[in-house]
1. Using θ = phi - 60° and the Karplus relation 6.51 cos²θ - 1.76 cosθ + 1.60, list the HN-Hα couplings for segment 38-50 in order, rounded to whole Hz, with x at every Gly or Pro.
2. Could you give P(r) for segment 188-323, binned at 10 Å from zero, as whole percent values over all Cα-Cα pairs?
3. Only Cα pairs under 8 Å and at least 6 apart count here; give the relative contact order of the chain as a rounded whole percent.
4. Averaged per residue, what accessible surface does segment 170-261 expose to a 1.4 Å probe, in Å²?
5. Evaluate the distance, in nm, between pseudo-label points positioned 7 Å from the Cα of T63 and of R215 along their respective Cα→Cβ axes.
6. Between E71 and H236, 0.36 nm times their residue separation minus their Cα-Cα distance comes to what?
7. Just to be sure I understand: with springs between alpha-carbon atoms less than 10 Å apart, which residue in G132, G61, G254 has the highest mean-square fluctuation in the Gaussian network model of the chain?
8. Using a Gaussian network model of the chain whose springs link C-alpha atoms within less than 10 Å, name the residue from V276, V170, V43 with the highest mean-square fluctuation.
Amino acid sequence: MTSSPSKLRSLFSGIGFTDDYSDDYSYTESEEEEPLISGTADVIEAATEEQLKVWNNLLDGWTDYCTRPTELVKLARKGIPNSLRAQVWLRLGGLTKKEIEENYKFLYTESMHNDCPHEQVILWDLNRTFPGNDFFQEGRDGQRRLYHVCKSYAGSDPEVGYCQGLSFIVAVLLLHLPEEETFALFTVIMKEYGFRDMFKKGFQMLQLKFYILERILEDQISELWDHFQDHELNTHMYASQWFLTLFSAKFPLGLVYRIVDMFLTEGPDTLFKIAVALLKLSKGDLLSQDFEGMLKYFRVSLPKKFMNKKQGHRLLSTAPRSR
């Protein structure tokens, strides 16, 4: 499902970025010393009656899961209503209730009775996944479900098994879906959307994605690219966590949900679209930083900016659309 490097570079050419965003992204250093706690839930905007009507009409007419409504991408860019998100995500995954139940019952039974070589890593990750969210506090139901889904997937995909970072994506899904549906949709993301390719031995696909991002950055935001080169800031230093967790590890959950909306409707190229939009909107701040300052900016300051809903809307509207 991923576009070729040449097609991606074409996608990002001539998209009309401006530098008008930089001033809105100013911040006070004293207020930005501590990173945003992973899993921080900002206030989710309630959908209007008109928005719910539009989405319900779309769902009523969406009877063939293999054919998506023509207006779906445009609507999803504006955000799927939270009350309908689970239903829409499952349809985007092409999942039926029967498939979900039968598949998970078998794998859950198998995984719980078989040894898993990844079990210790999964257990370590439980407390590191969304500590800012009550649902995933130690001993809570969220951690139990997270363990079940991660271990079940590891058993179903021995080539990849379990890798650090995957628990964040599972956790995002669990905040909307029961564990059997979470497992089914996570499997679709990993296999049909090609997400698992980044975790294969050697991480060659991840390295290719870094290369593509670098070429887009060099072509479209050359001043920032030169600044990174001057300070020896390598792409993996900021983009690894973005790509391997689908931006879910550090950003506020309200924005993460919308990125998942976009990923499921527009596909794997969403990784590049969001990454480039983040870099463009951050250009002014980043150009004023040295190496250590940029690392801190990516780790601390940038995620906090998106506690402001307007910045989240701006990011999603800035990300280029497929041609």
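1. Result, rounded to whole Hz: 4, x, 5, 9, 7, 6, 7, 5, 6, 6, 6, 4, 5.
2. 11, 44, 37, 8, 0
3. It rounds to 30 percent for the chain.
4. 36 Å²
5. Distance between label points: 4.4 nm.
6. 55.9 nm is the gain from fully extending E71 to H236.
7. Taking springs between Cα atoms under 10 Å, the residue moving most is G61.
8. For the chain, modelled as a Gaussian network with Cα springs under 10 Å, the answer is V43.
The values are calculated or read from the model by the stated rules, or taken from the named source; none is laboratory data. Just so we're clear, the structure is a prediction, and the values are computed from it rather than from any experiment. Ideal geometry is used to build each Cβ from the backbone, glycine not excepted, and the neighbour counts take in all protein chains shown. What goes into the accessible areas is simple: the full protein's heavy atoms, side chains included, and nothing from ligands, DNA or RNA. Shrake-Rupley method; radii C 1.70, N 1.55, O 1.52, S 1.80 Å.
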